[in-house]
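A short write-up of the structure that comes next.
The values are calculated or read from the model by the stated rules, or taken from the named source; none is laboratory data. These numbers were taken from a predicted model, which means no experiment stands behind them. FYI the Cβ positions are ideal-geometry reconstructions off the backbone, even for glycines, and counts take in every protein chain you see.
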Amino acid sequence: MGRAAGSDESDLAARSTRRNPVMYSPKDEARRSATPQPTARRRTGHRLTVCHPVWQLGYGGLERQMLQVLPRMPTANFSHVLVVRGDSREARQPVPDGLVVVPHAGPARNRQWARRLAKELQAQNADLVHVRGLGMLLDGVTAAGLADRPVVFSFHGIESLDVRPTWLRRRMLRGALQRCTMRFAVSHAARQRLADLLEFPTEAIEVLPNGVDTEQFRPVRDRAAVRAALELPQDRLIVLSVGNLKRIKGHHVLREAIRGSGIDPRRVTFVLVGADDGGESRTWAAGNLAAYDIRFAGLRTEVERWYQAADVFVLPSLWEGLSNALLEAMASGLAIIATAVGGTPEVIADEQNGLLVPSQDAPAMASLLRRLTQDAGLRERLGTAARRSVEQRFAIERAATAWAGVYRTAAAGRPPLRRTGQQVAARTAHGPHARRWMALAAGGRRRVEE
């Protein structure tokens with residue numbers, strides 16, 4: 001914990017380049033050995049261009065984390081290109097200055113997407129590709145192979161507990177994951193989930209957690225002014241939950257917990273920030289929680305103000321890789337109630353910097369809500385400890401330094417091949433594996449896992 005970020009970066013990069021002997025055939029190893037490796041001199045002074053293919057720039061945690069980490073890398077050493085496939089169902093996040101956005105509108109299933117991405121890699125002179133989530137993995141690896149670029153993969157979480165890829169798609173995803181130069185998950189739980197899902201060696205996946213901007217997300221002295229600006233009551237406790245209203249986020253459990261909490265409705269206001277679920281939550285609350293002040297704030301760009309206005313934060317998720325909202329609430333000094341799922345217990349130590357509750361246990365969550373709303377001293381102690389935890393372990397600068405090291409290592413692991421536009425076009429049209437990979441990439445279920 002007290003080690004310098006630079007040492008973490010070098011250790012992480014060193015561990016990530018170890019090869020697992022069961023993952024590669026002798027033919028693969030012979031081909032890799034025959035490939036000329038670049039010298040340090042050859043890479044000196046080279047500004048790396050990293051391509052980030054994504055489905056959208058909505059307000060999901062994956063996109064938020066990406067847009068916070070990338071601007072913190074030194075522009076003298078890195079440039080970043082965001083290739084957006086064109087899914088515009090959600091409102092787009094503001095993109096920081098210095099990041100290049102290349103939109104590619106098109107249908108969810110598109111056999112031409114990998115070819116277009118390969119050509120974009122060449123056009124942008126990209127050195128490597130960072131693929132986030134299994135939904136983009138087949139296309140990303142196919143395009144990188146066609147353009148001769150190394151691939152870094154990161155796994156952030158799942159969209160549903162019920163969806164599981166078919167046997168064939170699991171096999172294809174596993175093969176694509178093998179072809180990645182380096183592989184990461186945001187928590188140990190996410191790493192195990194990915195390994196189990198694809199029957200992939202756990203030791204071949206490294207853990208690199210999310211980070212949080214502890215300057216943007218911090219407590220404020222004048223909470224009354226923040227509440228006034230948000231039109232929130234001054235004389236009540238504010239219990240906040242941040243996350244899009246979809247089943248895996250567990251808001252249906254939180255609603256039941258509120259109903260069974262027995263908390264005096266005159267003492268508490270509940271605020272839910274996130275994309276609506278089509279009105280189902282509002283309708284249920286109106287019919288079952290009419291006595292309580294429950295506010296649906298929708299999507300918010302300045303979400304830090306809502307944390308600063310609150311007293312308690314609840315994360316009722318059914319599963320999380322490593323919740324950005326959780327880290328933001330901790331950085332804001334809030335007392336936390338969170339379900340003990342996924343990577344959350346790796347961040348929250350029960351009774352020390354937050355309170356853990358079993359997943360989908362509304363009565364237990366109701367009990368903790370009563371406890372925190374009645375004990376100001378406990379709220380203060382847990383909030384202070386939560387803030388200290390993220391400052392020590394999850395500062396966004398730490399994540400940016402680690403990812404910078406990953407990109408350098410991945411780019412240095414193979415020569416910086418530069419195919420011409422004609423070569424890329426020829427390979428995408430006639431390569432021996434192109435049609436097979438593109439058909440598999442286009443035919444699979446979209447965004448099975450994020």
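Among the numbered criteria (1) in contact with a Phe, Trp or Tyr (Cβ under 7 Å, 6 or more places away or on another chain); (2) surrounded by fewer than 22 Cβ atoms within 10 Å (Cβ to Cβ), which single criterion is violated by residue 158?
With (1) in contact with a Phe, Trp or Tyr (Cβ under 7 Å, 6 or more places away or on another chain); (2) surrounded by fewer than 22 Cβ atoms within 10 Å (Cβ to Cβ) applied to residue 158, the lone miss is (2).
Find the residue count for the range 203-258, including only residues that are assigned to a strand (DSSP E or B) and among the hydrophobic types (A, V, I, L, M, F, W, C).
Looking only at that region, the number is 7.
Going through the range 248-291 one residue at a time, which ones are of a type in the set (Phe, Trp, Tyr) and at pLDDT 95 or above?
The answer is 270, and nothing else.
Return yes or no: is residue 200 in a loop (DSSP other than H, G, I, E, B) and farther than 19 Å from residue 311 by Cα?
yes
Residues 329, 275, 290: which one is aliphatic (A, V, I, L, M) and not in a loop (DSSP other than H, G, I, E, B)?
329
For residue 436, indicate whether it is touching a helix residue (DSSP H, G or I) at 6+ places or on another chain (Cβ under 8 Å) and either modelled with pLDDT under 50 or of a type outside the set (Phe, Trp, Tyr) (or both).
No: the conditions fail for residue 436.
Listed here are the residues, each with its yes/no results for (1) over 24 Å from residue 220 (Cα atoms); (2) outside the structural domain of residue 326 (by TED's automatic domain parsing); (3) surrounded by fewer than 16 Cβ atoms within 10 Å (Cβ to Cβ).
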| residue | (1), (2), (3) |
| --- | --- |
| 251 | yes, no, no |
| 256 | yes, no, no |
| 263 | yes, no, no |
| 267 | no, no, yes |
| 285 | yes, no, no |
| 306 | no, no, no |
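Looking at 101, 141, 95, 131, which one is touching a Lys or Arg at 6+ places or on another chain (Cβ under 9 Å) and assigned by TED's automatic domain parsing to the domain that holds residue 411?
Just a single option satisfies the conditions, and that option is 141.
Condition check ((1) in contact (Cβ under 8 Å) with a residue 24 or more places away in the chain; (2) among the acidic types (Asp, Glu); (3) crowded, with 19+ Cβ neighbours inside 10 Å) across all residues:
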{"position": "189", "(1), (2), (3)": "yes, no, yes"}
{"position": "196", "(1), (2), (3)": "no, yes, no"}
{"position": "202", "(1), (2), (3)": "no, no, no"}
{"position": "208", "(1), (2), (3)": "yes, no, yes"}
{"position": "216", "(1), (2), (3)": "yes, no, no"}
{"position": "220", "(1), (2), (3)": "yes, no, no"}
{"position": "229", "(1), (2), (3)": "yes, no, no"}
{"position": "232", "(1), (2), (3)": "yes, no, yes"}
{"position": "240", "(1), (2), (3)": "yes, no, yes"}
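Are there any pairs with C-beta distances below 7 angstrom linking a residue in the range 346-362 that is without any contact (Cβ under 8 Å) to a residue 24 or more places away in the chain to a residue that is loosely packed, with under 13 Cβ neighbours inside 10 Å and among the acidic types (Asp, Glu), with the two at least 6 apart or on different chains, and if so which?
Cβ pairs passing all conditions: 356/350.
Looking at the range 346-395 only, could you name the residues that are in contact with a strand residue (DSSP E or B) (Cβ under 6 Å, 6 or more places away or on another chain) and closer than 30 Å to residue 80 by Cα?
Listed by number, the residues that qualify are 390, 394.
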